[in-house]
Every structure is written in structure tokens, then in C-alpha cells.
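K.L.:
Before we start, here is the structure in question, set down as C-alpha cells.
The values are calculated or read from the model by the stated rules, or taken from the named source; none is laboratory data. Please read all numbers here as calculations on a predicted model, not as lab measurements. Note that we place each Cβ from the backbone using ideal geometry, even for glycine, and neighbour counts take in every protein chain shown.
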Amino acid sequence: MQNFPIVTISLINYNGRKFVFEAIESAVDQDYPNLEIILIDNNSTDGTKEDIEKKIPEWEKRRKNKIIYIKNKENAGFGKPHNMAMRMAKGDFILLLNYDAILKPNYIENVLKPFSDEKVGAVQGKLLRYDFDKNELYRKKEDPELNVIDTTGLMMLKNRRIVCIGQGQSDACQFNKECEIFGADGAVPVYRKKALEDTKLPIIKIQNSKFKIQNSLFEYFDENFFMYKEDVDLAWRFRLYGWKTIYTPDAIAYHGRGSGDSMADNYIDIIKERRKINNFAKYLSFKHQRLMQIKNDFPSLLFTKHLPKFIVKEVGAWIYMMIFERFFFKVMKDFYRDVPLFLKKRKIVMARRRVGAKEMERWFE
């Protein structure tokens with residue numbers, strides 16, 4: 001296995017009966033020979049926790065190596081259990097596989113190629129939209145011969161909105177060129193372990209109104225984010241620390257995304273897309289977006305060069321939230337608690353960054 005570095009696959013399941021077995025099968029059936037597979041269940045109640053355990057001997061026999069299976073006693077969200085897997089991972093590279101995603105058999109073989117550049121910290125493959133109800137790729141009525149793109153990576157706009165590149169477009173080979181992007185989407189990202197170790201942060205607890213830094217325990221994804229935006233936060237930190245993220249069209253996977261049908265570029269379409277998202281997800285996404293900006297952004301960019309676009313979007317978002325979504329007081333209560341903590345995190349991030357505002361400016365479209 002000397003010529004095949006270990007790749008760790010981390011998969012988190014929570015009541016994923018509709019998707020998770022196909023996701024795990026696609027990991028088990030990878031052509032790549034040197035895999036470590038870590039499965040974590042977030043206290044599922046739909047029977048998948050027990051059924052996964054029954055299937056593990058079969059998967060281990062096919063892979064010819066042991067699968068690590070961890071059963072959490074509670075739903076720990078997205079970032080925290082992946083952090084658990086990343087801490088124990090033996091792999092030089094770590095693939096985080098959503099339970100509603102399916103890898104092509106050669107995905108890992110192809111996704112590793114851009115890592116030949118030692119400055120590459122993450123790689124994004126081409127994700128196509130998958131319809132789990134029909135067990136087939138999703139296709140638009142107007143383009144029945146073409147696949148629909150789920151994402152080719154993350155793009156950050158000057159107004160600080162984050163979009164998935166190409167989302168909802170028909171795949172007409174417009175994204176068939178390898179290129180550098182802002183960051184990797186959280187559905188099927190692959191990270192270099194060395195880059196994760198370089199960008200990890202100490203976990204900070206608040207005890208008796210004082211910060212307590214736990215230097216013996218680190219986080220890769222921000223564990224104050226239960227779910228949503230942790231992938232963007234990590235992508236931003238990779239950039240601040242000088243790591244590259246590459247998109248490669250040769251690594252193809254399929255994703256049954258639960259929200260976000262298209263890369264909406266006007267406010268009417270954005271509102272239409274937002275209405276498809278459940279209220280809990282909207283609340284977490286809204287809150288985490290602002291905390292992430294506190295942690296990572298440059299005021300010299302945000303409040304000078306990007307201010308007009310940011311103000312229009314931000315004022316509109318707060319007004320819309322207060323009128324139609326009505327979690328203003330809940331968000332403000334959370335901000336009162338969390339903003340001091342994220343200012344502390346910001347101090348650590350900015351003290352260690354290797355990239356300045358001028359270099360970061362190119363990543364805001």
C-alpha cells in the first residue's frame with residue numbers, strides 16, 4: 001500500500017434510511033485500495049442504527065479491513081461528530097461523505113490527483129443532483145438529456161452570500177476544467193490532514209463568564225455550529241491560512257440535496273429558494289452566517305470596498321427575517337451569548353493567518 005496513502009472516509013448518519021445504505025455501499029465499493037471507513041450514528045430512531053451494525057460484517061468482508069462504527073447517545077449535529085472522526089483518522093486525506101451522497105467507484109482515485117500540489121488543502125469534485133425517490137440522476141424537463149449540477153464548489157459574493165457554483169444548471173460541460181475555487185462544499189469534501197491540523201482551533205468554553213481555552217482538544221469544524229455554514233467557515237480559514245482549494249471535474253459524485261435548487265441570482269428567486277427550507281435550518285443558517293463573518297472577515301474589505309452590496313443584502317435579510325420568519329429575539333439572545341466568544345475566536349484566527357485583505361479580495365465575486 002506504499003504508493004496508496006490512507007484515505008479516511010467519515011460518514012454521519014441520522015435517520016437516513018432513505019439514503020445512507022447507498023452512500024455507505026459507494027464508499028465500500030471504491031476502487032481505491034487503502035481506505036479507512038468511520039461511520040458515526042447520531043442516535044437514529046428509524047432503525048438505521050441497528051441495521052448498519054448488522055451490515056458491517058458484510059462490508060468489512062468486501063473491503064478486507066475493519067470498519068469503525070460509533071453510536072452517539074444524542075444527535076450531535078454535523079461538525080462535532082466529523083471532528084471526532086477527523087481526530088482519530090489515520091488517513092493522510094479525509095473524505096467527508098454526506099449520508100445523501102453517492103460516490104462513483106473511481107471518485108477517490110481521481111480526487112487525490114490535485115493533491116500532488118503540496119499547497120492544496122482541499123479538493124472539490126463535481127456533484128450531480130440525484131433523485132433518491134426515483135433512484136436516478138435528476139434531469140430538468142427542458143433538458144432531459146443533460147444531468148443537473150448540484151455543486152462544483154463554494155463561491156463567496158461581495159455581499160457575503162455564499163452560493164454553490166453551477167447549482168441547478170444543466171451539465172453541458174461548462175465546468176469541465178480544473179480550477180481553484182474559494183472552498184469545498186460540505187457534501188463530499190476531501191481535506192488534507194496536514195491542512196486540517198494546521199488550521200485547527202482550540203475549543204473555547206465559557207465558565208463563570210470567563211473564557212477557558214482547552215488546548216488539549218481542538219476543533220476543525222466550529223463546534224458552536226450545530227449544523228450549517230461550518231463548511232464555509234473552514235473553507236474561509238483555509239484561505240486565511242494560505243491553503244488552496246481545487247475543483248476537479250474528474251471526480252464525480254451524486255447528491256440528493258435537501259435544500260437549494262438553483263444558484264439564484266436575484267432577490268425574488270432567493271426568497272423562493274429560502275421558502276423551501278425548514279425554519280430550524282433558516283434560523284441556524286442566519287445566525288451562523290453572521291458569527292462566521294465576525295470570526296473571519298476583514299473590516300477593510302467589508303466596510304469599504306464591499307459595503308454598498310453588503311448593506312443592501314444585510315438590511316433586506318434582517319427585515320425579511322423579522323417580518324416573515326420571526327426569530328429576531330431568539331437570534332439576538334444567541335448573539336448576546338455568542339458574539340464575545342466569536343471575537344475571541346477571531347483573535348486566534350487573525351493572529352495565525354498568513355494571508356491579508358489584498359490577497360483575500362480576489363475570492364469575493
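K.L.:
Are any residues in the range 333-365 surrounded by 11 or more Cβ atoms within 10 Å (Cβ to Cβ) and among the aliphatic types (A, V, I, L, M), and if so, which ones?
P.N.:
339, 341, 343, 348, 349, 350, 355, 357, 360
K.L.:
Among what's in the range 142-158 and is at pLDDT 95 or above and not hydrophobic (A, V, I, L, M, F, W, C), pick the residue that is farthest from residue 310 (Cα to Cα).
P.N.:
Filtering the range 142-158 for residues that are at pLDDT 95 or above and not hydrophobic (A, V, I, L, M, F, W, C), the one farthest from residue 310 (Cα to Cα) comes out as 150.
K.L.:
Could you run through the range 283-334 and say how many residues are farther than 24 Å from residue 222 by Cα and not in a helix (DSSP H, G or I)?
P.N.:
2
K.L.:
So, in the range 288-297, of the ones that are of a type outside the set (S, T, N, Q) and either in contact with a Leu (Cβ under 9 Å, 6 or more places away or on another chain) or at pLDDT below 95 (or both), which residue ends up nearest to residue 236 (Cα to Cα)?
P.N.:
So, considering only residues that are of a type outside the set (S, T, N, Q) and either in contact with a Leu (Cβ under 9 Å, 6 or more places away or on another chain) or at pLDDT below 95 (or both), the one nearest to residue 236 (Cα to Cα) is 295.
K.L.:
Checking the condition touching an Asp or Glu at 6+ places or on another chain (Cβ under 8 Å) and surrounded by fewer than 17 Cβ atoms within 10 Å (Cβ to Cβ), which residue from 113, 119 passes?
P.N.:
After ruling out the rest, the residue left standing is 113.
K.L.:
Sticking with this one: Looking at the range 218-231, which of its residues are within 11 Å of the chain's Cα centre (by Cα) and either crowded, with 23+ Cβ neighbours inside 10 Å or more than 20 Å from residue 162 (Cα to Cα) (or both)?
P.N.:
If the condition is that a residue be within 11 Å of the chain's Cα centre (by Cα) and either crowded, with 23+ Cβ neighbours inside 10 Å or more than 20 Å from residue 162 (Cα to Cα) (or both), then 221, 228, 229, 230, 231 are the ones that fit.
K.L.:
Restricting the range 179-217 to residues that are out of contact with any Asp or Glu (no Cβ under 8 Å at 6 or more places or on another chain) and assigned to a loop (DSSP other than H, G, I, E, B), which is surrounded by the most Cβ atoms within 10 Å (Cβ to Cβ)?
P.N.:
For the range 179-217, the residue satisfying everything is 188.
K.L.:
So for the range 23-31 (the condition being at pLDDT below 95 and assigned to a loop (DSSP other than H, G, I, E, B)), does at least one residue qualify?
P.N.:
Looking for residues that are at pLDDT below 95 and assigned to a loop (DSSP other than H, G, I, E, B), one finds none in the range 23-31, hence no.
K.L.:
Can you tell me how many residues in the range 335-365 are in contact (Cβ under 8 Å) with a residue 60 or more places away in the chain and assigned to a loop (DSSP other than H, G, I, E, B)?
P.N.:
Residues that pass the stated criteria total 4.
K.L.:
Within the set of pairs 6+ apart or on separate chains, which have a first residue in the range 180-196 that is in contact (Cβ under 8 Å) with a residue 60 or more places away in the chain and more than 18 Å from residue 256 (Cβ to Cβ), a second that is of a type in the set (Phe, Trp, Tyr) and assigned to a loop (DSSP other than H, G, I, E, B), and C-beta atoms under 6 Å apart?
P.N.:
That search, which allows pairs on different chains as well, returns 195/243; 196/220.
K.L.:
Every residue in the range 218-234 that is touching a helix residue (DSSP H, G or I) at 6+ places or on another chain (Cβ under 7 Å), hydrophobic (A, V, I, L, M, F, W, C) and not in a helix (DSSP H, G or I), please.
P.N.:
If the condition is that a residue be touching a helix residue (DSSP H, G or I) at 6+ places or on another chain (Cβ under 7 Å), hydrophobic (A, V, I, L, M, F, W, C) and not in a helix (DSSP H, G or I), then 221, 225, 226, 227 are the ones that fit.
K.L.:
Within the group 285, 300, which residue is farther than 26 Å from residue 78 by Cα, polar (S, T, N, Q) and modelled with pLDDT of 90 or more?
P.N.:
Just a single option satisfies the conditions, and that option is 300.
K.L.:
For the range 285-326: of the residues being among the hydrophobic types (A, V, I, L, M, F, W, C), surrounded by 18 or more Cβ atoms within 10 Å (Cβ to Cβ) and within 24 Å of residue 257 (Cβ to Cβ), which is farthest from the chain's Cα centre (by Cα)?
P.N.:
Filtering the range 285-326 for residues that are among the hydrophobic types (A, V, I, L, M, F, W, C), surrounded by 18 or more Cβ atoms within 10 Å (Cβ to Cβ) and within 24 Å of residue 257 (Cβ to Cβ), the one farthest from the chain's Cα centre (by Cα) comes out as 317.
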